[in-house]
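Notes for the one structure printed next.
Rule-based calculations on the coordinates, nothing more; no lab input. Owing to the predicted nature of the structure, the values given are computational and were not obtained by experimental measurement. With ideal geometry, Cβ positions are generated from the backbone for all residues, glycine too; neighbour counts draw on all protein chains shown.
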Amino acid sequence: MGNQTSENILQDRPYPHRCAACGQMTVIAVQIAYDARVRHDGKLHTFHIPSLRIDQCDHCGEQYFNAETDGQISVGLCRHLGIQTVDEIRAGIEKCGVSQKVFAEHLGIATEIVSRWLNDGVTQTRSLDKLMRLYFTMPSVRSALADCRGIQAVAEPDASNVLEDAGVRE
């Protein structure tokens, strides 16, 4: 079945789970309002998440954060900063019809950085987010970035559809 971390095993078990703090079988999934504090780009950001899904002990109140919780906080940070989420980046890459490797080469960054954005919950900088938005919406930017990196540009979709997707009307 592949390697499962203890975190994955805990997530796969049906509720309730045993609480590590009090030992009771009373850990359940709940939705809470949460004020997050996350350091990004050298600055501490505080933002509110109105409905965060976490595991919490119904007996003692102990709260458990896991990879799913971290993902929700990451999405909250992206919304707070006005940058693209993992799903939006993934969709942009797919829409452009390039691999993650080609995408990274066009942006002039390591393939591992793109992998960290898409798989490890690492959030891109605002400047790279702006570059990605241009890349995703403007074929001329994709061509220019490919040209300056000495890479052959990929075939572009119909330009009118790209402009329309970007909110530009001819």
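Below, the figures for the structure above:
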{"read-out": "At R0 = 22 Å, FRET efficiency that the Cβ-Cβ distance of A67 and R116 yields, to 0.05", "value": "0.95"}
{"read-out": "T125-L107 pseudo-label distance in nm [points 7 Å out on the Cα-to-Cβ vector]", "value": "1.2 nm"}
{"read-out": "Mean separation of Cα contacts under 8 Å, 6 or more apart, over the residue count of segment 1-148: relative contact order %", "value": "15 percent"}
{"read-out": "Summed side-chain charge close to Q31 - residues other than Q31 whose Cβ falls under 14 Å, Lys, Arg +1, Asp, Glu -1", "value": "-2"}
{"read-out": "Cα gyration tensor category, rounded, prolate or oblate, for segment 15-81 with a/c compared to 1.5", "value": "prolate"}
{"read-out": "Estimated FRET transfer efficiency (C148, I28; beta-carbon r; R0 41 Å; 0.05)", "value": "0.15"}
{"read-out": "Cα-projected label distance for R53 with D35, points at 7 Å along beta-carbon direction, nm", "value": "2.6 nm"}
{"read-out": "Inter-label distance, nm, simple model (7 Å from Cα along the C-beta direction), L134/Y15", "value": "4.6 nm"}
